[in-house]
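Enquirer: One structure coming up, written as structure tokens, with questions to follow.
Here, each number is a calculation from the coordinates, and none is a lab measurement. Since the model is a prediction, treat every value here as computed from it, not as a measurement. Using ideal geometry, Cβ is built from the backbone for each residue, glycine included, and neighbour counts are taken over all protein chains shown.
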Amino acid sequence: MASLEVRMYPRAFDYVAPETKEEVLDVLAERGSEVKILAGGQSLVPMMKLRLASPATLVDINNVPGLDGISIGNGHLTVQALVRHNDIVDSELVKTESAAMASAAPWISDPIVRNRGTLAGSVAHHDPEGDWASVMLAAGAEVVAESRDGGERVIPITDFLTDMFSTSLEPTELVTEVRVPRYESRTTHEHAPPRGGGNYQKLERKIGDYATVGVATHLELGDDGGISKAGIALTSVHPYNLKVTEAEHLLIGSHPSEELFAEAAEIAKNACSPASDVRGSAEYKKDVVRVFTERGLAASLAGASA
Amino acid sequence: MEITVTVNGAEHSADVEPRTLLVDFIRTDLALTGTHIGCDTTACGVCTVLLDGTPVKSCTVFAVQANGKSITTVEGLKQNGELHPIQAAFKEEHGLQCGFCTPAMMLVGSKLIEDNPSPTDDEVRWAISGNLCRCTGYINIVKSIQRAGELTKAGS
């Protein structure tokens, strides 16, 4: 292959494509940190081509059955490791169960990348400019990981995402699921109205580009009409996906109002530290954070009050 | 690694290095050069092929991942010597200028009209938003894909 010399090509690797989850876990147990898991590959393969990642072993999980479901149960909406972004776009269950996810899914990369890329892969990859990590932070997600010798481990998203491109996943572990809690109003009555809502606001120069600014929001209302749960997380405006805890604390226990949302948005604006680059100045991006946080909270409230 | 892939209906077996990209397997091993290489970074979409009927960017899939699967490239659109409606429509509506993005646009367009034979402008633009036309000839590409839908409905 003469073109190798002038083209971007990954370093050579050992390719394994197991047909059961047990075989995947065996390879991870034996080869650990030299392994990368290949699900959608839409971030990993480009990184390998740029030689930013050069795993000695690539374990392709695409032939493992039973890893591509979206389901509800045990108080969660669960998305398994091989669920593609476009499966989430098309899912009626996601529309009913998570407004934030339904709102974000169509804005992940572009339609062709969405046919391959996965939510679980995106979270495990933890590019600070990735959209899903923010949505998961706002929605209070958990990551479920499995290893041969350690069994199953449930990791809150705030513990899972440690730093840019880094997670608390052990080298022997496979992410099998990412799950978000169902709306509290549904924990007692299966078909109750959501009394919660969520949203993802994204500014991008063109489809497929990284976000210039992304803001994920999630709100739930209690019986008294006050805010019982709140989540706000920001994409592309900080060295990592930033959960704006201070603004969440302000919202929880208060009654929703424009003034309250404006105050929360101001906190979000001041919490982030974007870089000035080709996508805009830091000052501009911070102001977009403010505007998007207000809009996102208003949209989330509209869902919660519907 | 030994792989067997069905490409445009014909089965091909080959021994490939795992790092061989699908686009290179198609262009170099199979000599099907209708599938193009543009940005090589998953952005431009000119390398799009259908993998088991679904559009994928073949610069971002390894050939070994297509083992046991079915691929359609632009060369597979024509059936029994007849142009596929999407090809006839691109010709009729002048849907190409330099032609570099055309194979991918036709494959994505053929998939769209299969699911939705009467797409609106917005639906077509949304569907092709992962594909760049460096001539910026989008207006005629949109018309061509819509025309292909009409031809398909008229022919079926």
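Enquirer: Could you tell me how many degrees, from 0 to 90 and to the nearest 10, lie between the Cα long axis of helix B:138-155 and the main elongation axis, the longest principal axis, of the Cα atoms of chain B?
Expert: Roughly 90 degrees between the two axes.
Enquirer: I'd like the Karplus ³J(HN,Hα) series for the range A:72-82: coefficients 6.51, -1.76, 1.60, θ = phi - 60°, whole numbers in Hz, and an x wherever there's a Gly or Pro.
Expert: 10, x, 6, x, 10, 9, 10, 10, 7, 4, 9
Enquirer: Okay, next question. Per residue of the range A:293-302, in order, report the coupling 6.51 cos²θ - 1.76 cosθ + 1.60 (Karplus, θ = phi - 60°) as ³J(HN,Hα) in whole Hz, putting x for Gly and Pro.
Expert: Coupling constants for the range A:293-302: 5, 4, 5, x, 5, 4, 5, 5, 5, 4 Hz.
Enquirer: With unit charges on the beta carbons (Lys and Arg positive, Asp and Glu negative) and the dipole taken about the Cα centre of chain B, which residue among B:N80, B:S58, B:A127 sits farthest to the positive side?
Expert: Highest projection toward the positive end goes to B:A127.
Enquirer: Amide H to amide H, which residues 5 or more places from A:V213 or on other chains are under 5 Å from it, using H placed in the peptide plane?
Expert: HN-HN under 5 Å from A:V213: A:L203.
Enquirer: Averaged across the residues of A:104-113, what count of C-beta atoms belonging to other chains lies within 10 Å of each residue's C-beta?
Expert: What the average comes to for A:104-113 is 5.
Enquirer: Here's something else I'd like to know. Show me the ranking of peptides A:73-80, B:17-24, A:202-209, A:179-186 by mean Cβ neighbours inside 10 Å, starting with the highest. Please list the in-between numbers first.
Expert: On the way: A:73-80: 17.8, B:17-24: 23.0, A:202-209: 16.2, A:179-186: 21.2.
Top of the packing list down: B:17-24, A:179-186, A:73-80, A:202-209.
Enquirer: Spin-label point model (7 Å from Cα, Cβ direction): what's the A:I207 to B:N116 distance in nm?
Expert: 1.0 nm
Enquirer: Provide the percentage of antiparallel DSSP beta bridges, counting only those with both residues in the protein assembly as shown; round to the nearest 5.
Expert: Beta bridges within the protein assembly as shown, antiparallel portion: roughly 85 percent.
Enquirer: Rank these for me by crowding, B:C44, B:C98, going from fewest to most other beta carbons within 10 Å.
Expert: Going from sparsest to densest Cβ surroundings: B:C98, B:C44.
Enquirer: Let me ask something else. Pop the C-beta distance of B:T33 and A:S273 into the FRET formula with R0 = 56 Å and round what comes out to the nearest 0.05.
Expert: In this case the efficiency is close to 0.70.
Enquirer: Which Cα, out of B:P18, B:L96, B:I113, lies furthest along the positive dipole direction of chain B (beta carbon charges, K/R +1, D/E -1)?
Expert: Comparing the listed Cα positions along the dipole, B:L96 ranks first.
Enquirer: Still on this structure: What's the angle, to the nearest 10 degrees (0 to 90), between helix B:102-115's Cα axis and the longest principal axis of chain B?
Expert: 70 degrees
Enquirer: Then there is this: Under a Cβ-only charge scheme (Lys and Arg +1, Asp and Glu -1), can you give me the dipole magnitude of chain A about the Cα centre, in debye to the nearest 20?
Expert: Computed charge dipole of chain A: roughly 860 debye.
Enquirer: If you add up the charges near A:H85, with Lys and Arg at +1 and Asp and Glu at -1, over every other residue whose beta carbon is less than 13 angstrom from its beta carbon, what do you get? Kindly include the intermediate steps, with their values, before the conclusion.
Expert: Numbers: positive: A:R84, A:R114, A:R116; negative: A:D68, A:D87, A:D90, A:D110, A:D131.
Result for the neighbourhood of A:H85: -2.
Enquirer: Follow-up. For a Förster distance of 30 Å, can you work out the FRET efficiency between the beta-carbons of B:W126 and B:D15, rounded to the nearest 0.05?
Expert: The computed FRET efficiency comes out at 0.15.
Enquirer: Express as a percent, rounded to the nearest 5, the fraction of DSSP beta bridges in the range B:2-76 (both residues included) that run antiparallel.
Expert: 85 percent
Enquirer: Another question about this same structure. Compute, for the range A:201-248, the length of the dipole vector about the Cα centre, with Cβ point charges of +1 (Lys, Arg) and -1 (Asp, Glu) only. Units Debye, rounded to 20.
Expert: 380 debye
Enquirer: What nm distance separates the two modelled labels at A:E266 and A:D149, each placed 7 Å from Cα along Cα→Cβ?
Expert: That separation, rounded to one decimal, is 5.5 nm.
Enquirer: Also, quick follow-up: How would the range A:70-181 be classified by its alpha-carbon gyration tensor: rounded, prolate or oblate, with rounded meaning a/c under 1.5 and the a/b versus b/c comparison settling the rest?
Expert: In terms of gyration-tensor shape, prolate.
Enquirer: Can you count the Lys pairs in chain A whose Cα atoms are under 24 Å apart, with each pair 8 or more apart or on different chains?
Expert: For chain A, qualifying lysine pairs total 21.
Enquirer: Turning to a different aspect of this structure: If I stretch the segment between A:I72 and A:S257 completely, what's the gain in nm (0.36 nm per residue apart, minus their alpha carbon distance), one decimal? Display every interim value, and only then the final one.
Expert: On the way: separation 185, 0.36 × 185 = 66.60 nm, distance 3.18 nm.
Between A:I72 and A:S257, full extension yields an extra 63.4 nm.
Enquirer: Quick check: from the Cα gyration tensor, does the range A:148-284 come out rounded (a/c under 1.5), prolate or oblate?
Expert: Note, shape of the range A:148-284 comes out oblate.
Enquirer: Continuing with the same structure: Fewest first, what order do A:H238, A:H191, A:H125 take by the number of other Cβ atoms within 10 Å?
Expert: A:H191, A:H238, A:H125
Enquirer: Provide the FRET efficiency to the nearest 0.05 for the A:D223-A:F165 pair, computing r from the beta carbons and using R0 = 41 Å.
Expert: Efficiency for this residue pair is about 0.45.
Enquirer: If you average the alpha carbon positions of the range A:137-212 and of the range A:220-270, how far apart do those two centres end up, in angstrom?
Expert: What the calculation gives is 18 Å, centre to centre.
Enquirer: Let me have the 222 nm mean residue ellipticity of chain B computed from DSSP H runs of 4+ only, each contributing -39500 (n - 2.57), with the sum over all residues rounded to the nearest 500.
Expert: Helix contribution divided over all residues of chain B: -9500 deg cm²/dmol.
Enquirer: Return the calculated 222 nm mean residue ellipticity for chain A, to the nearest 500 deg cm²/dmol, obtained by summing -39500 (n - 2.57) across DSSP H runs with n ≥ 4 and dividing by the residue count.
Expert: Rounded to the nearest 500, the figure is -9500 deg cm²/dmol.
Enquirer: Could you tell me how many degrees, from 0 to 90 and to the nearest 10, lie between the Cα long axis of helix A:258-271 and the main elongation axis, the longest principal axis, of the Cα atoms of chain A?
Expert: 40 degrees
Enquirer: Turning to a different aspect of this structure: What does the C-alpha gyration tensor say about the overall shape of the range B:1-61? Classify as rounded when a/c is under 1.5, otherwise prolate if a/b is larger than b/c, or oblate.
Expert: On the way: a/c = 1.76, a/b = 1.41, b/c = 1.25.
In terms of gyration-tensor shape, prolate.
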